[in-house]
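Read-outs: derived from the displayed coordinates by stated rules, not from any lab. These numbers come from a predicted model, not from an experiment. FYI the Cβ positions are ideal-geometry reconstructions off the backbone, even for glycines, and counts take in every protein chain you see.
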């Protein structure tokens with residue numbers, strides 16, 4: 001299994017899918033990763049028995065597209081839901097998981113799965129956490145900090161905080177991205193661009209219901225940045 005998507009960077013992850021047909025359509029449009037929320041408090045939560053059919057639909061539509069299961073502070077009782085037999089290829093940790101807990105989960109889940117850690121950023125100093133996680137996860141995802149909400153809020157990290165941010169592992173930019181906001185954000189980060197972008201509420205009609213026309217517009221907005229880096 002590739003450590004990261006095989007397509008040119010910046011990669012595109014669309015998160016919070018709930019319908020297999022819609023997830024397959026998003027994968028066909030060119031998403032490099034599809035996220036499914038396994039956090040019960042989220043309005044985009046998908047029940048465990050529905051996850052495998054969705055990931056199977058994604059794999060059939062675009063075999064290179066990574067299925068990502070998003071969890072928050074999972075305890076050992078949840079480990080069966082996190083294993084690759086459920087159809088995903090990435091576990092994204094979106095809670096307050098410590099470096100030690102990430103190492104424990106890495107050992108428990110084995111080498112078949114990628115492990116990504118989301119960092120909720122509320123000050124420039126929070127970016128310093130990136131160094132600590134470099135040895136225990138495969139990638140980072142930076143999201144805006146919002147009280148009592150773990151993601152999909154539409155809030156943005158101030159772009160100037162990220163200028164010069166170069167962690168020792170791949171990183172995804174999340175938080176408030178949309179077809180309209182994508183290009184200005186990436187232009188501002190041209191000197192130190194993210195390896196991927198993660199979009200959820202910016203392409204939705206309602207939580208978990210994606211607008212495929214907006215996803216297509218997002219893919220179009222991203223294309224010039226991929227070409228600039230791979231000419």
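Estimated from helices alone, the mean residue ellipticity of the chain at 222 nm is -9500 deg cm²/dmol (sum of -39500 (n - 2.57) over DSSP H runs with n ≥ 4, per residue).
From least to most packed, judged by other beta carbons within 10 angstrom and beginning with the fewest, 203, 71, 197 follow the order 71, 203, 197. Were the residues from residue 159 through residue 227 laid out at 0.36 nm apart, the gain over their Cα-Cα distance would be 22.3 nm.
For the pair the range 9-70 / the range 157-196, the C-alpha centres are spaced 22 Å from each other. A Förster radius of 35 Å combined with the Cβ-Cβ distance from residue 100 to residue 41 puts the calculated FRET efficiency at roughly 0.90. Diffusion of the chain by Stokes-Einstein, at 20 °C in a medium of 1.002 mPa s and with Rh set to the Kirkwood radius over alpha-carbon pairs, works out to 123 µm²/s. Annotation: extensible slack from residue 132 through residue 28 equals 33.9 nm (criterion: 0.36 nm per residue apart, minus Cα-Cα distance). Normalised by the number of residues in the chain, the mean separation of alpha-carbon contacts (under 8 Å, six or more apart) gives a relative contact order of 20 percent. Label point of residue 206 set 7 angstrom out along Cα-Cβ; within the range 10-34, no amide nitrogen lies under 11 Å from it. A Förster radius of 25 Å combined with the Cβ-Cβ distance from residue 85 to residue 180 puts the calculated FRET efficiency at roughly 0.05. Take the Cβ-Cβ distance between residue 76 and residue 50 as r, set R0 to 22 Å, and report the resulting FRET efficiency rounded to the nearest 0.05. That pair, residue 76 with residue 50, gives E of 0.45.
Counted by neighbouring Cβ atoms within 10 Å, the residues 45, 171 run from fewest to most as 45, 171.
Annotation: extensible slack from residue 60 through residue 7 equals 17.3 nm (criterion: 0.36 nm per residue apart, minus Cα-Cα distance). Among beta bridges from DSSP that stay inside the chain, the antiparallel ones total about 10%.
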